[in-house]
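Encoded as structure tokens, the structure appears first; notes follow it.
The values are calculated or read from the model by the stated rules, or taken from the named source; none is laboratory data. Worth saying up front: this structure is predicted, and the values here are computed from it rather than measured. With ideal geometry, Cβ positions are generated from the backbone for all residues, glycine too; neighbour counts draw on all protein chains shown. Just the protein is used for accessible areas: all its heavy atoms, side chains included, with ligands, DNA and RNA removed. Shrake-Rupley method; radii C 1.70, N 1.55, O 1.52, S 1.80 Å.
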Amino acid sequence: MKPEIKTGSHALMHALLEEGVETIFGYPGGAIIPVFDALYDYHDRVKYVLTRHEQGAAHAAEGYARVSGKVGVAIVTSGPAATNTITGIADAMLDNTPIVVITGQVGSSLLGTDAFQETDVISITQPITKWSYQIRRAEDVAWAVSRAFYIARSGRPGPVVLDFTKDAQLGKAEFKYEPCNFIRSYLPYPDLQIESIEAAAAIINGAKKPLAIVGQGVVLGSAEKELVAMLEKADIPAACTLLGLSAISSEHPLFKGMVGMHGNLGPNIKTNDCDVLIAIGMRFDDRVTGDLKTYAKQAKIIHFDIDPAEINKNVKVDVSVLGDVKESIPAITAKLNKANHQAWKDEFLPYEEKEYNAVIKKELTSSEGKIKMGEVIRKVSEATNNQAVCVTDVGQNQMMGARYFKYKNTRSLITSGGLGTMGFGLPAAIGAKFGAPNRTVCCFVGDGGIQMTIQEFGTIMQEKLGVKLIILNNNFLGMVRQWQEMFQNERYSSTPMQNPNFVAIAQAYNIESRLVTKHTDLDEAIADMLSDDRPYVLVVDVEQNGMVYPMIPAGTCVTNVLLGDE
Amino acid sequence: MEKKLYTVTVFSENQVGLLNQITIIFTRRSINIETLSVSPSALPGIHKFTITCYTDKDMIVKVVKQIDKRIDVLKSYYNVDEELVHQEIALYKISSKKILARGIMEDLIRKHNMQVLELNEHYVVFQKTGHHAETQALFDELQTSTGVLQFIRSGRVAITKSKIERLSDMLAYMEEKQKQQSK
Ligand SMILES: Cc1ncc(C[n+]2csc(CCOP(=O)(O)OP(=O)(O)O)c2C)c(N)n1
């Protein structure tokens with residue numbers, strides 16, 4: 001076939017189609033107008049979603065990628081639009097979310113002259129992207145796009161930025177697309193080392209009290225089944241990190257909950273009691289480990305990861321198993337003996353009971369006083385038969401979402417783990433609904449966080465998008481209030497919030513909305529919200545001084561778990 | 001852990017902005033770069049960075065892995081001085097009047113094995129190659145005897161003593177990968 005001549009903008013659209021892109025989030029402007037003009041010709045083949053802010057476009061691309069496993073795409077203009085996406089890009093970097101953000105840029109002859117809406121996007125994004133590249137010639141479009149998608153989705157995924165100068169958008173060149181599957185300076189999947197497989201298997205076979213900690217790597221590597229097979233064969237209890245949640249069903253008998261600052265009592269305590277700690281696709285974040293000096297010192301530690309830079313970064317390990325978990329887990333499972341660790345598993349029970357009595361019961365079953373966050377979240381979860389995608393914002397709503405939602409299917413919790421980005425929830429939920437139109441998407445957000453990206457109500461309105469948004473209104477920046485109550489002598493500096501009428505705002509956007517203030521109205525309101533696939537904003541007035549327990553204060557030992565007043 | 005001087009060698013594709021990508025990795029860990037030298041390598045299209053810094057073993061291992069992770073970096077590794085043949089070059093500008101008045105030129109040249117690059121009625125320019133301590137010794141001597149008008153020292157350049165050629169090995173390995181993949 002003879003290569004065709006295309007403008008850079010048409011080449012971009014075509015390249016995106018070649019990469020299987022079906023949905024694009026974005027916002028137009030001067031330095032990207034030619035691309036949007038080209039997009040106009042592709043309306044029948046790609047769904048384009050106009051968000052109300054570029055940060056929203058980036059988070060929507062993340063939500064789309066997280067729920068679907070496909071690369072999320074955002075297209076925005078230069079300057080302020082590009083900088084508006086930075087939060088989303090940084091978020092995707094820390095959470096390994098494959099997105100490609102395409103930013104317009106001034107003409108290449110103007111680069112470096114402080115031209116109108118010029119920002120040095122490449123320099124700004126280098127530290128927060130897996131790769132960023134400036135396309136300055138139409139003939140480089142196909143090469144750059146194919147590389148961008150390959151880099152974003154392969155190995156340890158992450159964000160890629162393509163900064164597209166206006167002359168390159170307008171210029172013409174031959175277009176021939178070849179997908180990229182090799183870069184000689186980039187090894188996305190390290191080779192499995194048979195010695196480390198054997199060493200790890202030997203340690204696990206010798207374990208009396210093994211504990212697995214499952215991170216998002218298992219989801220990113222689509223190794224959920226392989227994981228469960230390994231856990232079941234060797235009878236290993238497992239806990240998840242925040243981003244690892246939903247890699248294994250919440251109902252699985254070997255699932256022991258979440259580790260970390262607001263994780264479950266059992267797995268946190270047992271981290272410092274197990275004899276072998278098997279870390280799988282997780283990165284020993286400080287919110288998981290607390291004080292490193294006291295973290296799992298008694299245990300032999302095995303670390304499965306795809307990224308050599310993660311090995312021994314925070315925690316020194318005894319055996320590292322580098323490679324793709326899709327291969328490494330089955331390779332080890334094959335060498336594991338069938339085991340039964342009943343006595344060890346039973347040791348979790350008293351902690352589960354203790355946490356239930358001290359924390360969970362109050363959170364879920366008190367019918368007195370104001371509604372509690374956990375209660376709302378569990379009811380919504382159960383009303384969806386635990387099948388929904390749970391999206392959260394950041395703060396107490398996030399920790400409660402993680403703790404009280406239940407997960408039957410993988411890719412069911414979408415939350416900003418590494419960056420902790422308030423304002424992530426609503427746009428990420430929009431992206432998730434586009435990425436999984438047949439799933440129910442429930443987004444929990446605080447009264448603070450919703451107001452960081454509330455303009456995305458406009459996107460929901462325009463797209464008639466069936467996102468179920470639950471605003472947990474405590475009239476406080478709740479999580480900060482909690483720290484102030486616990487550690488700052490109840491000096492509530494800058495955390496009480498006077499809020500608008502959220503129902504009226506939703507209704508102004510033509511979104512059905514309802515306020516619930518009483519326990520007794522909750523079930524019915526949730527049922528109404530979930531009765532079909534229409535957009536819905538449920539505003540729930542929750543307890544002002546609610547607390548997320550258990551809590552391990554930052555930087556302390558994982559066994560230093562506070563349970564609140566018992 | 002003990003801090004010492006490490007030499008980091010980075011081979012990369014010739015892409016705009018790589019230096020920045022590499023240096024910010026040091027910046028994030030607040031490690032000062034002592035010397036830096038960048039040049040094309042023996043292989044066409046491949047650039048070589050030689051960076052020295054004081055840090056400890058744990059840290060340098062992490063830094064090098066982080067550098068290696070950048071997409072366009074081919075290979076990055078670190079060495080201590082004993083594993084390297086390394087060199088720096090220094091230039092010294094001295095007032096001709098002062099140095100002639102002191103009559104120490106021949107002594108200096110013999111002792112420091114240096115060269116004269118330029119000589120005129122105003123100034124003389126010496127060149128000395130050697131290890132840091134050697135170029136520094138000459139500087140110290142000139143500074144006390146005649147004073148130094150200008151002084152400049154290059155970043156370190158270094159070659160490993162080992163028989164293993166890490167870049168070639170890596171390139172061969174990746175070539176093999178590509179062959180397997182295209183099968
Ligand atoms: C962009 C951003 N700014 C500030 C913070 C710090 N922060 C973390 S949680 C929190 C409070 C969130 O309050 P709200 O949205 O009302 O949720 P709640 O904790 O009450 O559920 C704040 C301010 C943050 N994580 N992100």
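Computed over the Cα atoms of segment A:5-121, what is the convex hull's projected area averaged over all directions, in nm²?
It is 7.4 nm².
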Two-site label geometry, B:Lys98 and A:Asn545: point separation in nm, points 7 Å out along Cα→Cβ: 7.5
Name the shape class, rounded, prolate or oblate, that the alpha-carbon gyration tensor gives for segment A:382-464, where a ≥ b ≥ c are the square roots of its eigenvalues, rounded holds for a/c under 1.5, and otherwise prolate holds if a/b is larger than b/c and oblate otherwise. oblate
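Given a Förster distance of 41 Å, report the FRET efficiency between A:Tyr177 and A:Ala229 from their Cβ-Cβ distance, rounded to the nearest 0.05.
Working: r = 38 Å, r/R0 = 0.94.
Efficiency for this residue pair is about 0.60.
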Summing +1 for each Lys or Arg and -1 for each Asp or Glu, what net charge is found among the other residues whose Cβ lies under 14 Å from the Cβ of B:Gln136? -2
Whenever you get a sec, line up A:Met497, A:Met400 from highest to lowest accessible area (probe 1.4 Å, protein heavy atoms). A:Met497, A:Met400
Sequence-distant lysines (8 or more away, or on other chains) whose Cα lies within less than 16 Å of B:Lys93: B:Lys128
Would you compute, from DSSP H runs of 4+ residues alone, the mean residue ellipticity of chain A at 222 nm, taking -39500 (n - 2.57) per run and dividing by the full residue count, rounded to the nearest 500? -10000 deg cm²/dmol
For A:185-193, what's the mean count of beta carbons from other chains sitting within 10 Å of each residue's beta carbon? 4
Just to verify a number: FRET efficiency for A:Asp523 and A:Ser493, C-beta to C-beta distance, R0 = 45 Å, to 0.05? 0.75
Gain on full stretching of the segment that runs from B:Glu165 to B:Ser41 - 0.36 nm per residue minus C-alpha separation: 43.3 nm
Can you send over the solvent-accessible area of A:Lys370, 1.4 Å probe, protein chains only, in Å² to the nearest 10? 100
Rank A:Met282, A:Met452, A:Met547 by accessible area, highest first, at a 1.4 Å probe radius? A:Met452, A:Met547, A:Met282
Expected sort for A:152-164, A:169-181 on mean C-beta neighbours within 10 Å, highest first, is A:152-164, A:169-181
Express in whole angstrom the spacing between the alpha-carbon centres of segment A:488-516 and segment A:390-428. 19
Using only Cα atoms, what is the ratio of the radius of gyration of chain B to 2.2 N^0.38 Å? 1.29
Shape metrics for segment B:56-148, restricted to C-alpha atoms - Rg then Dmax, Å: 19.4, 58
Helix B:132-145 versus the longest principal axis of chain B: what angle, 0 to 90°, nearest 10, using Cα atoms? 20
Greater than 32 Å apart at Cα, pairs in A:Lys130/A:Lys176; A:Lys70/A:Lys297; A:Lys293/A:Lys468; A:Lys300/B:Lys48; A:Lys345/A:Lys518; A:Lys316/A:Lys433: A:Lys70/A:Lys297; A:Lys293/A:Lys468; A:Lys300/B:Lys48; A:Lys345/A:Lys518; A:Lys316/A:Lys433
Probe 1.4 Å, all protein chains in place: accessible area of B:Val116 in Å², nearest 10? 60
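Grab the other residues whose beta carbon is less than 13 angstrom from that of B:His122, score K and R as +1, D and E as -1, and report the net.
Net of charged neighbours comes to +1.
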For A:Lys362, list the aspartates and glutamates whose Cα falls under 15 Å from its own Cα; do not include residues on the same chain fewer than 8 positions away. A:Glu352, A:Glu353, A:Glu375, A:Glu543, A:Asp565, A:Glu566
What is the gain in length, in nm to one decimal, between A:Leu292 and A:Leu192 on full extension, counting 0.36 nm per residue of separation less the C-alpha to C-alpha distance? 33.2 nm
Sorting check: for B:129-137, B:5-13, which peptide has the highest mean count of neighbouring beta carbons within 10 Å, and how do the rest follow? B:5-13, B:129-137
What quantity of accessible surface, computed with a 1.4 Å probe and excluding non-protein components, is buried in total between chains B and A, in Å² to the nearest 100? 2300
So, taking all protein chains as they sit and a 1.4 Å probe, how much accessible area belongs to A:Glu18, in Å² rounded to tens? 100
Stretched fully, the stretch from A:Glu327 through A:Leu364 gains (0.36 nm per residue minus C-alpha distance, one decimal, in nm) 9.3 nm
Evaluate E = 1/(1 + (r/R0)^6) for A:Gln387 and A:Ala339, where r is the Cβ-Cβ distance and R0 equals 30 Å; express this FRET efficiency to the nearest 0.05. 0.40
Find the Cα radius of gyration of chain A, compare it with 2.2 N^0.38 Å by division, and give the number to two decimals. 0.98
Segment B:32-71 versus segment A:433-448: alpha-carbon centroid distance in Å: 44
Hey, rough spin-label estimate for A:Gln507 and A:Leu562, points 7 angstrom out along Cα→Cβ, what's it come to in nanometres? 4.1
Of the accessible area of chain B, computed with a 1.4 Å probe and all protein chains kept, carbon and sulfur make up a percent value of 52
Carbon and sulfur %, accessible surface of chain A computed with the full protein complex present, 1.4 Å: 50
Note on chain A: helices (DSSP H) long enough, at least 20 Å by alpha carbon along their axis, and hydrophobic enough, mean Kyte-Doolittle at least -1.0, are A:54-68
For peptide B:65-75, what's the mean number of Cβ atoms from other chains within 10 Å of each residue's Cβ? 5
Could you run the Debye sum over the Cα atoms of segment B:4-79, one equal point scatterer each and no solvent, and tell me log10 of I(q)/I(0) at q = 0.13, 0.14, 0.15, 0.28 Å⁻¹, two decimals? -0.32, -0.38, -0.43, -1.51
Under 18 Å from the Cα of A:Lys408, which aspartates and glutamates turn up, not counting those fewer than eight places away in the same chain? A:Glu224, A:Glu226, A:Glu232, A:Glu251, A:Glu382
Measure off 7 Å from each Cα along the Cα-to-Cβ vector at A:Ser222 and B:Ser154, then give the distance between these two points in nanometres to one decimal. 5.2
Going by average Cβ neighbours within 10 Å, how do the peptides A:99-108, A:231-240, B:78-87 rank, with the highest at the top? A:99-108, A:231-240, B:78-87
